[in-house]
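To start, the structure under review is shown below, and the notes come after it.
The values are calculated or read from the model by the stated rules, or taken from the named source; none is laboratory data. These numbers were taken from a predicted model, which means no experiment stands behind them. Heads up, the Cβs are rebuilt from the backbone with ideal geometry, glycines too, and the neighbour counts pull from every protein chain shown.
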Amino acid sequence: MINKITKIPVIKLSKEQLNKSLLEIPEWIYFNNTISRDFKFLNFELTCGFLNQILMRSHLLGHHPTITTTYNRVNILLQTHDILQVSDIDIKFAKKINEYNKIYNKIN
């Protein structure tokens, strides 16, 4: 499989690789072939800034998460739709999202 927009090959993770990768992102929950995480921000403006970072990154990657948001709370669910499971792209994206979270939770 190849990501249709960026032409990045999708790497399926073995169970062992997935378990090892999940240790690198302990805040994320693995369930039903997806990973998800909840985020909370000080206010709506910071929530929007965080979301804009994710939206731009997902557009560049051609990899679009499921996002649920209300005021200062965000839930993000990642899965590689082409293979209906978590791939290396999801793990890398989760790490990037964690970086954005650190930035937007430092701004007060």
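Assorted remarks:
- Identity of the residue in the stretch 24-77, of a type in the set (S, T, N, Q) and under 12 Å from the mean Cα position of the chain (by Cα), that ends up nearest to LYS106 (Cα to Cα): GLN53
- Of all residues in the stretch 57-88, those satisfying the criterion of being buried (at least 21 other Cβ atoms within 10 Å of the Cβ) and either free of Cβ contacts under 8 Å to residues at least 12 places away in the same chain or farther than 15 Å from PHE39 by Cα (or both) are HIS63, THR80, VAL86, SER87.
- Pair list, Cβ < 7 Å and 6+ apart or interchain, from the stretch 18-45 residues that are loosely packed, with under 14 Cβ neighbours inside 10 Å to residues that are of a type outside the set (Phe, Trp, Tyr) and part of a loop (DSSP other than H, G, I, E, B): ASN33/GLN79; ASN33/LEU84; ASN33/VAL86; LYS40/ASN72; LEU42/ASN72; LEU42/ASN108; ASN43/ASN72; PHE44/ASN72
- Filtered by the rule that a residue be within 24 Å of GLU16 (Cα to Cα), part of a helix (DSSP H, G or I) and among the small types (Gly, Ala, Ser), the stretch 56-99 gives a lone residue, ALA94.
- Filter result for LYS102 (more than 25 Å from PRO9 (Cβ to Cβ), free of Cβ contacts under 8 Å to residues at least 24 places away in the same chain and in a helix (DSSP H, G or I)): yes
- SER36 vs. criteria at pLDDT below 95 and either of a type outside the set (Asp, Glu) or assigned to a strand (DSSP E or B) (or both): no
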